[in-house]
Amino acid sequence: MLTEAPKGTKDIYGSYMEEWQRVEQVMRELCSDFGIKEIRIPIFEHTELYLRGVGETTDIVQKEMYTFKDKADRSITLRPEGTAGVARSFIEHGMYNNPQPTRRFYIGPMFRYENTQKGRQRQFHQFGVEMLGSYSPALDAEAISVVAELLKRLGIKDVELRINSLGCNECRQRYNTALKEYIGSNIDKLCDDCKSRFDKNPLRVLDCKEESCQRIIAEAPVVLDYLDDECKEHFETVKAILDDMGIKYTVDEKIVRGLDYYTRTVFEFVANGIGAQGTVCGGGRYDNLIAECGGQPMGCAGFAVGIERLLLMLEAQNGEFKETNEMDIYIGSIGKEGLVKSQGIAYRMRSEGIRAEGDSVGRSVKAQMKYANKIGAKYSVILGDNEIAEDTANLKNMETGEQEQIKVSELVEIMKKKING
Ligand code: HAM
């Protein structure tokens, strides 16, 4: 137990960490190009926020939340997702006064007590974007286009964008009535979970993965047939913008998403080749959430990408990640005087933006040279008592093997020229 991470969690290190950082860098640049600013919300919130925001009948709230009482007996929940937290933050800090829309992104861990499998963890990470303050279909399309552009910049292929519309509250009401009627007439064929879901929120039956329920779901009425003219027009405009952007999609009337806050456009990006958990991104419009959390009604759209799933795709496509070793100079030493000077020079070089490392282990000279090779040092030098006393040493180019005699006192300047030009 002591040396094993909890089930469903993962240490992130080595080449995987490097790839992660590269991906995060792309996300940050992308957001800058779209005018989306970062937000950091707490990792835990009052449980009530998720009951209200995500929805009491969802699987997340029913089965998957890490909820506990703090020492003052408050019910706290580790965030299972970021949208409700961003909505809470928006209201709390009066972001209504911003020029709208307010665009925010977050990158961080989320927690869901799920059955673990490839691509499904209990602590996982999301890159999410929330755009608050507009009812225009342009916002839905813009949110989708952020994901499309991310995948493009990462060079990820073989991903399908699926979109659907759940309509507004009135359309949903009409659809719910039809769905209730259909499911009600098949209720004895559903699993026990669905029987209780059916009473509270028939839409949630459509999320069920049980085979017996799937057979019933396959024949269920679809929400697109219940959209009013305005919602139809909204969906058509979203599609027209995507067409103009050259973003390919398929309309998938079965997408209803597993969270309660969605209205109108919903979408998923689904990858082939990373196993059963292929949904790399989910999102949509959520016009009710801000009001549900106690704010003024407000049109919003957003999405979240699962970072682990994105990395699974990159690995499936590009092969195993490789760690890059990059060091400008290794400054080895012999004896006390050499050790003192080499550490001092390495310290000054780093202030000049030169990547430098010295001997901090007390290796033999041979072992130090081997180590310099391993860390991918471009240059190396060994400083002993003689080199310090005579202010001369041999600087070795590790790629060509060439050596040049240099003044130890000028080493920082010499390296500055070599590395920074
Ligand atoms: P979600 O569909 O629950 O939506 O999650 C978004 C993405 O997070 C999924 O598509 C998947 O890639 C990743 N993900 C979810 N659960 C796990 C897990 N257990 N292990 C690994 N990856 C996982 C939301 O969370 C919404 N807040 C998205 C959103 C933002 N909608 C509007 N704004």
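Name the one entry in 219, 308 that is more than 22 Å from the chain's Cα centre (by Cα) and either over 22 Å from residue 128 (Cβ atoms) or acidic (Asp, Glu) (or both). Criteria check complete, one pass: 219. Counting only helices (runs of 4 or more DSSP H) that sit wholly inside the stretch 311-421, those with at least 2 residues that are acidic (Asp, Glu) and either surrounded by 13 or more Cβ atoms within 10 Å (Cβ to Cβ) or modelled with pLDDT under 95 (or both) are 385-390.
Taking the stretch 84-99 as the range and being farther than 19 Å from residue 259 by Cβ, modelled with pLDDT of 95 or more and touching a strand residue (DSSP E or B) at 6+ places or on another chain (Cβ under 9 Å) as the test, no residue passes. Look at (1) more than 23 Å from residue 311 (Cα to Cα); (2) among the hydrophobic types (A, V, I, L, M, F, W, C); (3) surrounded by 12 or more Cβ atoms within 10 Å (Cβ to Cβ) and you find that residue 30 fails only one, number (1).
Here 110, 17, 27 are screened, and the one residue that is away from the ligand (no atom under 16 Å from the Cβ) and either under 21 Å from the mean Cα position of the chain (by Cα) or assigned to a helix (DSSP H, G or I) (or both) is 17.
Yes/no matrix, rows are residues, columns are (1) out of contact with any helix residue (DSSP H, G or I) (no Cβ under 8 Å at 6 or more places or on another chain); (2) within 25 Å of residue 159 (Cα to Cα); (3) small (Gly, Ala, Ser):
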{"site": "189", "(1), (2), (3)": "no, no, no"}
{"site": "194", "(1), (2), (3)": "no, no, no"}
{"site": "214", "(1), (2), (3)": "yes, yes, no"}
{"site": "232", "(1), (2), (3)": "yes, no, no"}
{"site": "254", "(1), (2), (3)": "no, yes, no"}
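Do we have residue 299 as within 9 Å of the ligand (Cβ to nearest atom) and surrounded by fewer than 24 Cβ atoms within 10 Å (Cβ to Cβ) here? Here the answer is no, as residue 299 does not meet what is asked.
Taking helices (runs of 4 or more DSSP H) as the structural unit, those lying wholly within the stretch 128-204 and holding at least 2 residues that are of a type in the set (Gly, Ala, Ser) and surrounded by fewer than 22 Cβ atoms within 10 Å (Cβ to Cβ) correspond to 137-153, 169-184.
The values are calculated or read from the model by the stated rules, or taken from the named source; none is laboratory data. A quick note: this is a predicted structure, and the numbers were derived from the prediction, not measured. Virtual Cβ from ideal backbone geometry, glycine too; neighbours counted across all protein chains shown.
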